[in-house]
Amino acid sequence: MGQHVIKMPDVGEGIAEAELVEWHVKVGDPVAEDMVLAAVMTDKATVEIPSPVEGTVAWLGGEVGEQISVGAPLLKIEVAGDGNDDAAAAPKPAAPQAEDEDEPAAPARPAADGAETTANRQPDDDAAQDAPAAPRERPDTPAPPAGKAARDRRLPAQTRKEGDKPLAAPAVRLRAREAGVDLRFVRGSGPAGRITHEDLDLHLEAGDRPGAVAARAPDNRVTDFKVVGLRRRIAEKMQVAKSRIPHITYVEEVEMDALEDLRAALNTRKRDDQTRLTVLPFLLLAMVKAIREQPGLNALYDDEAGVVHQHGGVHVGIATQTRNGLVVPVVRHAETLDLWACAAEIARLAEAARNGTATREELSGSTITITSLGALGGIATTPVINHPEVAIVGVNKMQVRPVWDGAQFLPAKMMNLSSSFDHRIIDGWEAAVFVQRIKTLLETPASIFIED
């Protein structure tokens, strides 16, 4: 038997390390050739690592969330044969040495107090990996009192007078409130009858709850999970955007009746090979038209160099929710697309983002972004700019609202646009002009298709 060491592969040009986001195996699992062992992420692309050999997993080289350098050992597999000697020679964590190297190290055995000795254990020791950890027990620790025993446990005399407000720290009051306990009925053992955490524990253990204000048992579970993979990338990007960009958000309502009538008519006449139209293709083309008049909105700001990169091509990012988090596939050169081509590209990119097949090129390079929560869009939002862009247009939900036409209130389909701008580059006046231009185009949708 030998060991085959699998190293972190080169997952992309210029990539020195990748984040380990998922293990598909654990120590002791049998693996077959081409079986997926792990998933790593670089930028926003997830790469699966297959097994080149058949065998049994003997060692894992990291925990989920760790950054693994390209070429570093990722895992070891026990194989029939000699394995790959070169990979097996990769550096390992040094094991502690016995003081007298001439004598063999004594086998690990329980210490006097029940704790397990681990001085001679090494990462690739099969016995150490396969044997379950010995439970740490303290036989001399008395069991906590419960039930009537807790009730009978002696406490210093309570000096709080009848009708006085019970004394307790804020944390004790919070616990009592969550547990549905009225502190007036809890015996205090502290100075002046002050109620401690131990007093509250004893009261709950005894089962005496005359002051209970809730019939349901409290749920005190706390679940911890590491922020890794795409969620960590989103968190880092949002932190950069909010800490470095002074946002200004402008909200405007748009009457959508004319556009909705046009959209419905076009969908009834579309060919089978054409994508059904939503609001987004109309909005995207309206933005392209508005950007022609205000090209400064289609830009990236390098705030470290103090340089604004204004782009001629309009590359629109479409913020898309996936089961793993928010990603932004990019409709490239939207200025060259017609309505149907625009709809097809949006649908294609959204599907690729949701099923995880979008490439790095499809998830980068945007110059301005659209974000939409669809039917959950709310009345108004405050979108966070996709750094280093200088503008983002947010779509809120459409709903029928009464609109005054000068003589009476009439029902109208209304939709709010919530748009944020980098106030270092875009003044409030420029932001308002941009949004008002989009509003005009959407309310008179035929004007979107009229060439200037």
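Scanning segment 267-287 for residues that are open to solvent by 10 Å² or more (accessible area, probe 1.4 Å), in a helix (DSSP H, G or I) and closer than 17 Å to S372 by Cβ yields V279, L280, L285.
Between P104, P52, the distinction of being in a loop (DSSP other than H, G, I, E, B), open to solvent by 20 Å² or more (accessible area, probe 1.4 Å) and at pLDDT below 85 belongs to P104 only. Here V279, V308 are screened, and the one residue that is touching an Asp or Glu at 6+ places or on another chain (Cβ under 9 Å), aliphatic (A, V, I, L, M), more than 19 Å from R424 (Cα to Cα) and at pLDDT 95 or above is V279. Within segment 346-375, being without any contact (Cβ under 8 Å) to a residue 40 or more places away in the chain, of a type in the set (D, E, K, R) and open to solvent by 50 Å² or more (accessible area, probe 1.4 Å) holds for R348, E351, R354, E361. Name, by its number, the condition in (1) more than 25 Å from the chain's Cα centre (by Cα); (2) free of Cβ contacts under 8 Å to residues at least 40 places away in the same chain that does not hold for G28. Of everything listed in (1) more than 25 Å from the chain's Cα centre (by Cα); (2) free of Cβ contacts under 8 Å to residues at least 40 places away in the same chain, G28 misses just condition (2).
The set of residues in segment 36-66 being within 15 Å of E78 (Cα to Cα) and either in contact (Cβ under 8 Å) with a residue 40 or more places away in the chain or not polar (S, T, N, Q) (or both) consists of L37, S51, P52, V53, E54, G55, V57, A58, W59, L60, G61. Of all residues in segment 163-193, those that are small (G, A, S) and open to solvent by 20 Å² or more (accessible area, probe 1.4 Å) total 5. Only one entry of G378, G317, G394 meets the criterion of being open to solvent by 10 Å² or more (accessible area, probe 1.4 Å) and either in contact with a Ser or Thr (Cβ under 9 Å, 6 or more places away or on another chain) or not in a strand (DSSP E or B) (or both), and that entry is G378. The set of residues in segment 411-432 being open to solvent by 70 Å² or more (accessible area, probe 1.4 Å) and either in a strand (DSSP E or B) or among the aromatic types (F, W, Y) (or both) consists of P411, K413, W429.
For the residues H311, H333, the requirement of being open to solvent by 40 Å² or more (accessible area, probe 1.4 Å) and touching a Ser or Thr at 6+ places or on another chain (Cβ under 6 Å) singles out H311.
The values are calculated or read from the model by the stated rules, or taken from the named source; none is laboratory data. Quick caveat: nothing in here was measured; it's all calculated off a predicted structure. Heads up, the Cβs are rebuilt from the backbone with ideal geometry, glycines too, and the neighbour counts pull from every protein chain shown. Only protein heavy atoms, including side chains, enter the accessible area calculation; ligands, DNA and RNA are left aside. Shrake-Rupley method; radii C 1.70, N 1.55, O 1.52, S 1.80 Å.
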